[in-house]
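Chemist: This is the structure I want to talk about, given as C-alpha cells.
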Amino acid sequence: MDTTVIKALTVLEALASSATPLGVTELATRLGLSKSNVHRLLQTLAARGYVMQVDQRYTVTTRLWELGAMVVSRLDVATVAIPVMQRLVAEVDETAHLSVLDMAACEVVSIHNVESTQPVRAYSRIGQRTPAHCVATGKALLSMQSPEALRALPEELQRFTPHTLHRRDDLLAALETIRRDGYSTNIGEWREQVGGAAAVIYDHAGRPTAALGLTVPVERLQPEVMARYIPRLTAAADEISRLMGAPRRPG
C-alpha cells in the first residue's frame with residue numbers, strides 16, 4: 001500500500017472527526033507523525049480543496065461531497081429532506097434544491113433537487129457548483145459563517161449580472177439582513193432570468209448543515225408570490241432541521 005496516501009487519509013479522517021479545527025503540532029502528536037510530514041500533507045490536501053486553514057489551524061471542507069451522486073444521496077440531510085422537499089414542490093410547483101457550502105471555494109454544491117412541473121422552470125443538477133455570494137442558498141449559508149471567515153472574502157467578488165453583490169461590504173450588509181430575517185433571496189444575481197429564496201437547515205448540534213432553496217424564473221417572482229413562498233420555504237427548512245434533531249432556535 002502507498003504509505004503517503006494512507007497518511008493523507010489518516011490526517012483527513014482526524015480532521016473530519018474533530019469538532020474543532022486542529023493545528024499541525026496537535027495532528028502530528030495524535031497521529032504519531034512528524035510536523036513536517038503533517039504540514040506537507042495538509043498543504044497537498046488544501047491545494048486539492050479537501051481542507052482549509054482557519055486561524056493557523058485546519059478543518060475539512062465539503063469537497064468529499066462531490067465524490068459521487070450515490071454517496072451524496074445517502075447523506076442523512078438529503079434522506080431526511082426528500083419527503084419535505086416533495087411536499088413543498090407540490091404546494092408551490094417550483095423547483096426545490098438542497099445545497100451545502102464549500103467555504104474554501106466560496107461555492108455551494110447541490111446535493112438534491114425536486115423539479116417543478118412548470119413548462120418554464122429553473123433547475124440545478126446534483127453536484128453542480130455555484131458561487132455562494134450570488135445565489136440564495138449560498139447567501140443563506142454565508143450568513144451563518146464567522147466574522148473572521150467573512151472578512152477573509154475578497155473585497156471584489158466576481159460579477160455575473162448587473163444585480164450581483166460583488167463588493168464585500170455590500171454582501172456583508174446583506175448577510176446581516178439575511179441573518180436577522182431567517183431567509184435569503186436572489187433576484188437575477190447569478191443568472192439574470194433566475195431568482196429564488198433559501199433558508200438554512202441545522203443539524204442535531206445546531207450547526208448550519210445545508211440550505212433549502214426554491215429556484216424560480218424571475219418573470220414569476222413577483223412580491224406577492226414571494227410573500228406566499230417564503231413562509232412555506234422557511235417552515236419546510238424548520239421541519240427538516242427538527243427531523244435532523246436540531247434544538248429549537250430562539251424566536
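Chemist: For the residue pair residue 163 and residue 82, what label-to-label distance in nm results when each label sits 7 Å from Cα along the Cα-to-beta-carbon direction?
Modeler: The two pseudo-label positions are separated by 3.2 nm.
Chemist: Do the sum for the chain: with -39,500 (n - 2.57) for every DSSP H run of n ≥ 4, divided by all residues, what is the mean residue ellipticity at 222 nm, to the nearest 500 deg cm²/dmol?
Modeler: Dividing the helical sum by the residues of the chain leaves -13000 deg cm²/dmol.
Chemist: Let me ask another. Write down the accessible area per residue of segment 119-190 in Å², having rolled a 1.4 Å probe over the full set of protein chains.
Modeler: The answer is 52 Å² per residue.
Chemist: Where is the GNM fluctuation largest for the chain (alpha-carbon springs, 10 angstrom cutoff): 118, 158, 128?
Modeler: With Cα springs under 10 Å in the chain, the top fluctuation among 118, 158, 128 is at 118.
Chemist: In addition: Subtracting the Cα-Cα distance from 0.36 nm times the residue separation, let me have the gained length for residue 26 to residue 192 in nm, one decimal.
Modeler: Full-extension gain reported as 55.1 nm.
Chemist: What is the distance, in nm, between label points placed 7 Å from the Cα along the Cα-to-Cβ direction at residue 235 and at residue 54?
Modeler: 3.4
Chemist: I've got another one for you. Once the piece of chain linking residue 13 and residue 207 is laid out straight, how much longer is it, given 0.36 nm per residue of separation minus the C-alpha distance between them?
Modeler: This chain segment gains 67.9 nm when fully extended.
Chemist: Relative to the Cα centre, what is the charge dipole magnitude of segment 114-242, using +1 at the beta carbon of each Lys and Arg, -1 at the beta carbon of each Asp and Glu, and rounding to the nearest 20 debye?
Modeler: Roughly 220 debye for segment 114-242.
Chemist: Hey, any idea what % of segment 145-236's accessible area is carbon plus sulfur with a 1.4 Å probe?
Modeler: Summing carbon and sulfur atoms, their accessible area is 50 percent of the total for segment 145-236.
Chemist: Okay, next question. Pick out, from 146, 24, 235, the residue whose Cα sits farthest towards the positive end of the charge dipole of the chain, with +1 on the Cβ of Lys and Arg and -1 on the Cβ of Asp and Glu.
Modeler: Of 146, 24, 235, it is 24.
Chemist: Now for a different question. How far apart, in nanometres, would the label points at residue 44 and residue 117 be if each is projected 7 angstrom from Cα along the Cα-to-Cβ direction?
Modeler: 5.3
Chemist: I've got another one for you. Of the trypsin sites (Lys or Arg not before Pro) in segment 162-251, which ones lie in a loop per DSSP and count no more than 12 other C-beta atoms within 10 Å?
Modeler: Those satisfying the criteria are 248.
Chemist: Here are labelled values, (i) 7, 30, 33, 20, 8, 2, 0; (ii) 7, 27, 28, 21, 13, 4, 0; (iii) 6, 24, 25, 21, 15, 6, 2, 0, and one is the computed P(r) over Cα pairs in 10 Å bins from 0, in percent for what I pasted. Which one?
Modeler: Evaluating P(r) over Cα pairs in 10 Å bins from 0, in percent on these atoms matches (i).
The values are calculated or read from the model by the stated rules, or taken from the named source; none is laboratory data. All figures in this text were calculated on a predicted structure; none of them were measured in a lab. When we count neighbours, we look across all protein chains shown, and the Cβ atoms used for this are built from the backbone with ideal geometry, even at glycine. In case anyone asks, the SASA skips ligands and DNA or RNA and just uses the protein heavy atoms, side chains included. Shrake-Rupley method; radii C 1.70, N 1.55, O 1.52, S 1.80 Å.
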